[in-house]
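Accompanying notes for the structure given below.
The values are calculated or read from the model by the stated rules, or taken from the named source; none is laboratory data. Computed from a prediction, not measured in an experiment: that's the story for all the values here. Cβ placement follows ideal geometry from the backbone for every residue including glycine, while neighbour counts extend to all protein chains displayed. The accessibility values were calculated without ligands, DNA or RNA, using every heavy atom of the protein model including side chains. Shrake-Rupley method; radii C 1.70, N 1.55, O 1.52, S 1.80 Å.
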Amino acid sequence: MAGRKNNPAGSTNSYRGDVLRVLGALKVATADQIQRIGAPHLTFRHADKETPSKRKQARTASHTGALSDMRKHGLSENGGSTDTGEALRNLTLKGLEAASYEMQRPITEMGSTARGAGSSGASHPMSVNETVIAMLRPKPNMSRLADDLPEVRVAAQADVDTPAGVGTIASYWTEVPLPATGTWNAPGKGGAQADVVLTAPQDGVPLLFIEVDNCHETPEELAAKLEKYARFFRRKVKDTDGKERPMWRTRWTVPEGRYGDAPHPPVLLVFNRIGERNPNRTVPRLMELTRHLWQGERQRDHHLYDGRIPIIATGLKNLSEHGPTGPVFLRFGRDHMEPLREAMGNPRREAADARAQEESARAQKEHMAKVQRAAQEQAAKQAAEREARRPVCAGCGAKFTDARWEQAQVTDWGVPKDSHPQLCDDCKQQAQTAAVRQAAVGNKRREQDQAVPEQKTGRWFSRRT
């Protein structure tokens with residue numbers, strides 16, 4: 001009862017948490033966008049409604065209630081409307097603070113409240129949000145559809161089985177200043193502001209800057225923005241250990257590049273064709289204007305991009321349809337479309353490294369085999385030489401065993417200890433047995449020879465007596 005009094009719209013902690021996370025990352029959004037990101041399972045639960053408007057009303061009702069309750073508590077507010085009349089919502093300062101706890105993100109990195117974003121229809125923020133949704137590809141939680149109809153679960157499972165997106169909503173920052181001068185919290189003139197910054201190392205995207213263009217800007221204007229990126233990437237500041245590092249590395253953690261091939265973080269350009277400019281003509285001109293920023297150094301079978309910016313382009317329609325795993329990304333300097341991770345990286349360099357490692361492993365294996373063969377040959381030679389030196393028994397002509405050979409070689413102060421060093425074990429035993437017998441016979445003869453004179457002498461004295 002108390003909960004209903006505090007939240008008259010009947011919202012739950014779960015749905016209010018969705019609002020805080022989504023608005024904390026995106027700054028401004030519609031209830032529809034909040035629902036698609038925070039609770040995509042609702043899209044399938046209400047797919048049986050008669051019209052699109054009724055379906056949207058049903059699936060967004062929970063988050064609309066959460067927004068109403070949060071507005072009552074001073075956490076959110078209405079921020080105008082889109083060009084199509086949808087209400088825009090944003091957080092207040094109090095709401096941003098609550099979102100920082102919900103997202104475990106420092107309040108200094110939460111950005112602004114985005115007040116006034118809807119005064120002109122918020123076409124650019126809406127395109128940014130749709131870009132984030134296309135990158136995220138939120139999947140329904142099947143456990144929350146356990147009691148729904150089988151056809152609902154089948155449709156939701158089909159969506160779950162499609163290729164996954166990148167990161168979670170907490171992986172995305174919007175409207176991030178990139179100061180060429182000044183500090184993070186007080187950026188000076190000459191810097192850029194990233195529409196989106198994505199950090200999802202768990203999904204193979206440690207750091208990606210995203211710029212969304214509604215096809216209103218000229219190639220020259222986009223090139224000027226990329227020049228500001230380059231200026232920011234080149235800026236170095238002293239880190240906490242007193243050493244100079246690129247400023248962006250003091251905020252984001254990215255693996256170090258290889259010596260001679262340490263590119264700057266990649267920048268993704270997403271074109272949403274609602275303006276008058278055709279990206280098919282904008283991109284080639286933009287490539288020429290920014291060649292010095294992205295062109296690599298040609299090697300035998302790959303390029304090195306030391307100090308260069310990987311610039312990638314795609315269309316929001318293709319991105320929404322295929323997601324980041326689809327081959328819809330064009331890296332400047334390449335002539336084919338790739339999935340995002342391949343476009344960000346250097347597959348030819350990785351393939352060359354793999355071939356070099358395989359060649360090195362093969363050469364090492366051959367070398368080890370050669371060393372092993374040489375060792376075996378040397379051991380065989382030494383064994384043959386040793387066998388040639390093996391003593392032969394002087395008695396029977398048999399070769400000594402290793403144990404007998406070793407025993408026969410033992411000396412004491414240079415004098416052999418063995419009694420018969422030229423004989424094998426059997427002949428030595430026979431010789432020792434014969435020597436014992438011979439000694440016994442000799443002893444007996446000596447005893448007999450000593451006893452005969454005594455008997456004779458005794459008889460001689462007895463006769464005289």
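Among the candidates P106, P125, the residue that is open to solvent by less than 50 Å² (accessible area, probe 1.4 Å), more than 21 Å from S53 (Cα to Cα) and under 33 Å from the mean Cα position of the chain (by Cα) is uniquely P125. Among the helices (runs of 4 or more DSSP H) confined to the range 301-393, the ones with at least 1 residues that are in contact (Cβ under 8 Å) with a residue 12 or more places away in the chain and more than 30 Å from G275 (Cβ to Cβ) are located at 347-389.
Does L316 satisfy the criteria of being surrounded by 17 or more Cβ atoms within 10 Å (Cβ to Cβ) and under 17 Å from G296 (Cβ atoms)? Here the answer is no, as L316 does not meet what is asked. Go through (1) surrounded by fewer than 17 Cβ atoms within 10 Å (Cβ to Cβ); (2) in contact (Cβ under 8 Å) with a residue 24 or more places away in the chain; (3) touching a Pro at 6+ places or on another chain (Cβ under 9 Å) and name the single condition V237 misses. Of (1) surrounded by fewer than 17 Cβ atoms within 10 Å (Cβ to Cβ); (2) in contact (Cβ under 8 Å) with a residue 24 or more places away in the chain; (3) touching a Pro at 6+ places or on another chain (Cβ under 9 Å), only one is false for V237: (2). Among the residues making up the range 275-292, those that are open to solvent by less than 100 Å² (accessible area, probe 1.4 Å) and either β-branched (V, I, T) or within 14 Å of L330 (Cβ to Cβ) (or both) are P279, T282, V283, P284, L286, M287, T290.
Just one of the listed residues (T51, T82) is touching a Gly at 6+ places or on another chain (Cβ under 7 Å) and either modelled with pLDDT of 95 or more or over 25 Å from K139 (Cβ atoms) (or both), namely T82. Scanning the range 40-87 for residues that are part of a loop (DSSP other than H, G, I, E, B), within 41 Å of the chain's Cα centre (by Cα), under 29 Å from D159 (Cα atoms) and without any contact (Cβ under 8 Å) to a residue 60 or more places away in the chain yields H46, T82, E86.
Of the residues making up the range 171-211, just one is open to solvent by less than 40 Å² (accessible area, probe 1.4 Å) and in a helix (DSSP H, G or I), namely S171. For the range 239-267, filtered to residues that are outside any loop (DSSP other than H, G, I, E, B) and over 20 Å from L340 (Cα atoms), the residue that is modelled with the lowest pLDDT is R258. What residue, of T84, T92, is farther than 19 Å from A170 by Cβ, open to solvent by 40 Å² or more (accessible area, probe 1.4 Å) and among the β-branched types (V, I, T)? Answer to the check: T84. For the residues E276, E297, the requirement of being closer than 23 Å to F232 by Cα and over 24 Å from the mean Cα position of the chain (by Cα) singles out E297.
Based on what the data block shows, is G10 open to solvent by less than 50 Å² (accessible area, probe 1.4 Å) and within 27 Å of R105 (Cβ to Cβ)? In short, no.
Number of residues in the range 14-30 that are assigned to a helix (DSSP H, G or I) and among the hydroxyl-bearing types (S, T, Y): the value is 2.
In the condition set (1) modelled with pLDDT of 95 or more; (2) over 30 Å from the mean Cα position of the chain (by Cα), G182 is compliant with all but (1). Pairs are defined by a Cβ separation below 9 Å, a sequence spacing of at least 6 or placement on different chains, a first member in the range 405-426 that is without any contact (Cβ under 8 Å) to a residue 24 or more places away in the chain and within 15 Å of R389 (Cα to Cα), and a second member that is part of a loop (DSSP other than H, G, I, E, B) and polar (S, T, N, Q); the pairs so defined are A408/Q422.
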